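Input: a single structure, listed below in structure tokens.
The values are calculated or read from the model by the stated rules, or taken from the named source; none is laboratory data. From a predicted model like this one, the values you see are computed outputs, not experimental measurements. Because the Cβ atoms are built from the backbone with ideal geometry, glycine has one as well, and the counts that use them run over all protein chains shown. Side chains are part of the model used for accessible areas, which takes the heavy atoms of the whole protein and leaves out ligands, DNA and RNA. Shrake-Rupley method; radii C 1.70, N 1.55, O 1.52, S 1.80 Å.
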Amino acid sequence: MAVPVVAAPSRQAPPARERGNRVWALLAAPGVIWLGAFFLFPLYVVLCIVFGQIDPLFRTPIPVWNPLQWDPTQFTYVLTHIIGENGVYGPAIVRTFIYVVVASVLCLLIAFPVSYYVARLAGKHKGLLLALLIAPFWISYMMRMFAWVNLLQDDGLFNKVLSLGGLFHPDIKWLTGQPVVVILGLVYGYVPYMILPLYAGLDRLSQPMLEASRDLGADRFSSFWRVTLPLCRPTIVAALLLTCLPMLGDYFTNDMLSASPKTTMVGNLINDGVQAPGQTGQAGAFVLLVFLIALLPMLYYLRSVTRGSEVST
């Protein structure tokens, strides 16, 4: 009786989707390597400076490249001066948190209606309005802050408007440490960074799903609240991150519109520490604190995006 010969299983070519993933992974590899090198290496340099030494003569930082020889003195100094009797840095950190939260909320209240109108209701004028939204990026941030300085000077346009043509003489010093001015400056400077991602997310919403909610009897408000808003929640989180993360390290807005210790932010502490002899390590410690604070919402965003992709699949 002849023994049947079992043919060896033929090695099939990987599916087209798997081949496509490999191609895109190869195309993305240079960019990932570039970002990793220019993010991880600078972060390691900051760590080496924070946990390094200070030249006793010239007061310049001496990085320590061996992690086994790191000295946490400068980082501990910053931590012990945030709260308690020596908490000189605590008010600036709390102030930064309040400014960023208030400014981000105001940016969202301004940007969302604008983005929604351009993405969903503008019709044939969408291209023109989108160009107008991108226009602020053509102007330097410094020049835009200089415009605010000219408007808010003692003899600036804002006080002239309040005087009603000379009937009143408002004696308001807008550029002398007014928290409202700093917050509005942050809103003015960063609201374009929120409009564009919101527009991109709202423009990609599933139109059949929105129409299905209307067909099922939902009115405009119910359709927006129960369908549109949940669908664009990851977009809102991404827009808030793109807006609030630069605000955490911003120092130029406060310097231009206030330059007062009453409105000092963490970015000002970092800038002052870099310029002061012997305090570069302390400035790096503030950079690490900002990085750790910013890491929490980033992790939340990645988690929400991952959960959304799992639900969709």
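Does region 18-34 include one or more residues that are among the aromatic types (Phe, Trp, Tyr), under 24 Å from Phe75 (Cβ atoms), in a helix (DSSP H, G or I) and within 25 Å of the chain's Cα centre (by Cα)? Working first, answer last.
Looking only at region 18-34, we keep the residues that are among the aromatic types (Phe, Trp, Tyr), and these are 24, 34.
Narrowing further to those that are under 24 Å from Phe75 (Cβ atoms): none.
Checked against the condition, which is being among the aromatic types (Phe, Trp, Tyr), under 24 Å from Phe75 (Cβ atoms), in a helix (DSSP H, G or I) and within 25 Å of the chain's Cα centre (by Cα), region 18-34 yields no hits at all.
Within region 176-208, restricting attention to residues that are under 19 Å from Val149 (Cβ atoms) and in a loop (DSSP other than H, G, I, E, B), which residue is least open to solvent (accessible area, probe 1.4 Å)? Let's see the steps before the verdict.
Initial filter on region 176-208 (under 19 Å from Val149 (Cβ atoms)): 176-191.
From what is left, the residues that are in a loop (DSSP other than H, G, I, E, B) are 176-178.
Working: Thr176: 73, Gly177: 5, Gln178: 71 Å².
Looking at the filtered set, the residue picked out is Gly177.
Checking the structure you have, find out if any residue of region 92-101 is part of a helix (DSSP H, G or I) and of a type in the set (Phe, Trp, Tyr).
yes
Just a yes or no: is a residue in region 230-251 within 23 Å of Met194 (Cβ to Cβ) and surrounded by fewer than 15 Cβ atoms within 10 Å (Cβ to Cβ)? Yes, region 230-251 contains at least one residue that is within 23 Å of Met194 (Cβ to Cβ) and surrounded by fewer than 15 Cβ atoms within 10 Å (Cβ to Cβ). For Ser104, the requirement of being hydroxyl-bearing (Ser, Thr, Tyr), surrounded by 11 or more Cβ atoms within 10 Å (Cβ to Cβ) and at pLDDT 85 or above is met. Of all residues in region 107-129, those satisfying the criterion of being under 22 Å from Cys244 (Cβ atoms) and open to solvent by 50 Å² or more (accessible area, probe 1.4 Å) are Leu109, Ile110, Pro113, Val114, Tyr116. Considered as a group, the residues in region 1-30 that are at pLDDT below 85 and among the small types (Gly, Ala, Ser) include one that is nearest to Pro277 (Cα to Cα), and that residue is Ala25.
Restricting region 253-284 to residues that are over 30 Å from Val180 (Cβ atoms) and assigned to a helix (DSSP H, G or I) leaves a set whose member that is most open to solvent (accessible area, probe 1.4 Å) is Thr280.
Of all residues in region 130-145, those that are open to solvent by 50 Å² or more (accessible area, probe 1.4 Å), among the aliphatic types (A, V, I, L, M) and assigned to a helix (DSSP H, G or I) total 4.
Per the listing Thr73, Thr80, Thr60, Thr96, the residue uniquely buried (at least 19 other Cβ atoms within 10 Å of the Cβ), of a type outside the set (A, V, I, L, M) and out of contact with any strand residue (DSSP E or B) (no Cβ under 6 Å at 6 or more places or on another chain) is Thr96.
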